[in-house]
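What follows is calculated from the coordinates using simple rules that are stated; it is not laboratory data. Worth saying up front: this structure is predicted, and the values here are computed from it rather than measured. Neighbour counts run over all protein chains shown; Cβ positions are idealised from the backbone, glycine included.
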Amino acid sequence: MATSRALECLVAWVDEGSVTKAAAVLHMSQPALSHQIAALEKELGTPVVARPSRGIRVIAAGRAVAEEARVALAGASRRR
């Protein structure tokens with residue numbers, strides 16, 4: 001099961017539009033955020049970001065997972 005932190009990382013990346021901004025919002029380093037995304041991809045068995053020679057961007061699968069993650073994170077937040 002994906003960790004809530006990995007889901008938070010993906011949602012922040014989608015919301016902020018960049019790994020740099022997402023890492024800043026989450027108060028973590030860019031490599032740590034990238035590690036969370038890689039772990040999420042491994043668990044899902046599919047990429048959520050594209051890694052062309054320059055830059056990294058969230059792809060359609062990543063946006064879809066992020067929308068589901070929002071629901072899961074909201075539900076978890078209400079239970080606390």
Matching residues in region 34-80 (in contact with a Cys (Cβ under 8 Å, 6 or more places away or on another chain) and either more than 17 Å from S4 (Cβ to Cβ) or not polar (S, T, N, Q) (or both)) number 2
Condition first: outside any loop (DSSP other than H, G, I, E, B), over 13 Å from V11 (Cα atoms) and basic (K, R). Now tell me which residues in region 70-80 satisfy that.
R78, R79
